[in-house]
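These notes concern the structure reproduced below.
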Amino acid sequence: MKRSIVLSVLVAVLASAHLCAYAKEKKTVEPFDRGIGRQNSVFIPQGTVGAGVSFSYNNYSIGNGAADSGYSMLFNLLGDIHGNMLSFGISPYVSYFIKDNLSVGVRFDYDRSSLGVGNLSLSLSDDLGFDVKDFNYFKQSYTGSLTLRNYLPFANSKRFAMFTEIRATGGYGQGESYKLDEGDKFGTYQDIYNFELGLVPGLCAFVTNEVALEVSVGLLGFNYQKVVQTTNQVEHSEMEQSGANFKLNIFSIGFGLSFYIPTGDHRVKKTAEK
């Protein structure tokens, strides 16, 4: 009996010693960290002043060739098209780097588009179809944005980086669609108010020490729009819409040329002539 008690105590002591040794040998597991917030590469230093401009221009002319009856589209539903479409946009911006790789700025956008249809025929069947003649559409908008942009260089590169920009945008636009019928003008005039909070990622590549090419695309946005319209100067109506989107919008791709001018100690100084 005494021998079995001694053996039990001995086994318990050995087991406790083994667990204590295992606990001492076990390493502490630290949380996994990608180090994104601890980057030590300076892509654009604090105090830099940035400025640039992006623009777009498109002009389409349909059915204006000699003896041209227009183009047939959508399985021949549309035909005998004569018209012209023009769009133009310019966006100057300026920014200041409050920290390394982090800037705040302002942006102004002006967009103008117009569409003139001299003739368009829609044929759904042999008995169902109609023509549109002398239809015109015009729209222009002015928007201003406050921006916050953060740069993340590729592998500590000083020439190539990706950036993420947050934009708070508000603006006003005017739209007009009208038709001419025997000299009389019938149409609708619109006042457009909009606000948007958006996320715009992009890429930046320096071609010289102070000049960079940039490309960006709208990805995420929360928007609100109010449209007040008057038809034939008599009928009045209003429309409000709001929503959110999370998708790649290929129509919002922007190309720009930017200038980054370092200040203070980061400014490139010319070597004194001997």
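Quick check, is V234 open to solvent by 80 Å² or more (accessible area, probe 1.4 Å) and either aliphatic (A, V, I, L, M) or within 17 Å of G144 (Cβ to Cβ) (or both)? Yes: the conditions hold for V234. With respect to the conditions (1) over 16 Å from the mean Cα position of the chain (by Cα); (2) at pLDDT below 90; (3) in a strand (DSSP E or B), Q233 falls short on a single one, namely (3). Within region 164-173, at least one residue is over 24 Å from V49 (Cβ atoms) and not small (G, A, S). Please determine, by comparing only the residues of region 131-177 that are basic (K, R) and within 30 Å of H82 (Cα to Cα), which one is most open to solvent (accessible area, probe 1.4 Å). Looking at the filtered set, the residue picked out is K133.
The values are calculated or read from the model by the stated rules, or taken from the named source; none is laboratory data. Note that the coordinates shown come from a computational prediction; the quantities given were computed from them, not determined experimentally. Positions of Cβ are generated from backbone atoms using ideal geometry, with glycine treated the same way; all protein chains shown enter the neighbour counts. Remember, those area values only see protein heavy atoms, side chains included, never the ligands or the DNA or RNA. Shrake-Rupley method; radii C 1.70, N 1.55, O 1.52, S 1.80 Å.
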